Amino acid sequence: GPIYVSFLRDISRRKAAEEGLTEARDRALAGEKAKAEFLAVMSHEMRTPLNGLLGSIQILRDTELDDRQSGLLDTMHSSGDLLLGLVNDVLDLSKYEAGKMRPEARVFDLQQLFDSAVETTAPLAAANDNVVSVEWIGPPAGDVEGDPRKLRQILLNLLGNALKFTHGGRVDIEAEMLGRDRLEIRVIDTGIGIAEADLDRVFQDFERADSSYVRQAGGTGLGLGIARRLVGILGGEIGAESEPGEGSLFWVRVPISLAGAGTAGVPAART
Ligand code: ADP
């Protein structure tokens with residue numbers, strides 16, 4: 001009867017719709033992957049000429065110039081720097097989107113990793129007149145097993161932000177073991193802080209707190225998005241607390257193992 005017919009038609013229609021959806025999803029996924037791979041290649045290839053430009057600008061800056069010329073070179077240099085930062089960020093992001101990033105398990109010296117991150121950001125700290133300190137609560141000196149490169153990038157992004165949004169203040173890095181296999185890192189600053197309404201948004205791509213100060217500080221709005229993804233790959237968590245005008249606290253918790261301790265420099269077997 002008519003009921004039977006319409007029932008059949010309903011099922012086939014729904015089936016067709018479902019198949020269409022699956023197909024569209026597969027196409028979209030393939031498209032996303034192709035886009036990510038394209039971005040990865042593009043951003044990688046853009047770095048070489050950009051570094052060439054920046055290097056040449058640097059050399060020119062050391063020659064004798066009048067005020068107008070050196071002003072122009074300064075502008076060229078900071079624009080180039082910004083562009084290089086953006087290219088690097090997009091490269092990181094696209095690697096992640098292409099599914100090429102896996103957690104690594106290596107033996108490394110945690111304290112050395114922290115020291116090197118502080119050293120890398122020292123010019124920024126000096127430029128903004130900030131004092132940086134590292135406090136160890138729990139983690140033993142010496143080797144641990146984890147993913148040093150991702151951890152370093154996460155720390156650099158958080159530390160870079162803390163230093164960028166703090167002027168004439170303090171930035172404290174705290175490291176604490178939670179049990180035997182989880183590390184919590186806290187980056188605490190006495191900077192401009194983040195309004196409650198912006199706090200969730202700052203972890204999204206290209207999202208920046210809406211203030212003229214933030215716009216002026218420069219940046220791509222990708223740093224925390226990258227940190228969030230890297231923490232995700234490591235199977236950890238990331239979050240923030242803040243009080244506008246008082247400062248911010250960014251924390252990450254990542255798995256780390258003390259098992260590799262004592263075998264310095266020997267890469268641990270992948271698990
Ligand atoms: P970027 O720093 O390039 O703008 P991020 O993704 O690293 O991008 O940060 C996003 C936004 O979060 C920043 O633009 C800023 O508004 C806010 N933010 C991040 N870290 C801090 C901090 N330590 N203090 C104040 N605001 C911050």
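The values are calculated or read from the model by the stated rules, or taken from the named source; none is laboratory data. Remember, predicted model here, so these are calculated numbers, not experimental data. Cβ atoms come from the backbone with ideal geometry, glycine included; neighbour counts cover every protein chain shown. Just so you know, the surface numbers come from the protein's heavy atoms only, side chains and all, with ligands and any DNA or RNA stripped out. Shrake-Rupley method; radii C 1.70, N 1.55, O 1.52, S 1.80 Å.
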Self-check item: Excluding exposed DSSP-loop GluC sites (Glu not before Pro) (at most 13 other C-beta within 10 Å), longest clean stretch of the chain
Solution: 65-245
Exercise. Would you kindly calculate the translational diffusion coefficient of the chain, applying Stokes-Einstein with the Kirkwood radius from alpha carbon pairs, for 20 °C and a viscosity of 1.002 mPa s, and quote it in µm² s⁻¹ without decimals?
Key: 100 µm²/s
Quiz item: Between the DSSP loop rule and a limit of at most 14 other Cβ atoms within 10 Å, which chymotrypsin sites (Phe, Trp or Tyr not before Pro) in segment 127-211 are left?
Solution: 206
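Grab the other residues whose beta carbon is less than 11 angstrom from that of residue 205, score K and R as +1, D and E as -1, and report the net. The partial results should precede the final answer.
Working: positive: 201, 208, 228, 229; negative: 89, 97, 207.
Charge balance in the 11 Å sphere: +1.
What 222 nm value per residue comes from the helices of the chain, counting each DSSP H run with n ≥ 4 as -39,500 (n - 2.57) and dividing by all residues, nearest 500 deg cm²/dmol? Walk me through the numbers before you get to the answer.
Values: 7 runs with 142 residues, N = 271.
That comes out to -18000 deg cm²/dmol.
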Quiz item: Averaged per residue, what accessible area in Å² does the chain show with a 1.4 Å probe, protein chains only?
Solution: 58 Å²
Quiz item: What's the angle, to the nearest 10 degrees (0 to 90), between helix 2-61's Cα axis and the longest principal axis of the chain?
Solution: 20 degrees
Quiz item: Among residues other than residue 122 whose Cβ falls under 13 Å from its Cβ, what is the net charge (Lys/Arg +1, Asp/Glu -1)?
Solution: -3
Practice problem: With a cut-off of at most 16 other beta carbons within 10 Å, and DSSP calling the residue loop, which trypsin sites (Lys or Arg not before Pro) in segment 62-129 qualify? Please list them. | Solution: 100
Practice problem: May I have the convex hull volume per residue, in Å³, for the Cα set of segment 61-152? | Solution: 149 Å³
Quiz item: By how many degrees, between 0 and 90 and to the nearest 10, does the Cα long axis of helix 67-97 differ from the longest principal axis of the chain?
Solution: 40 degrees
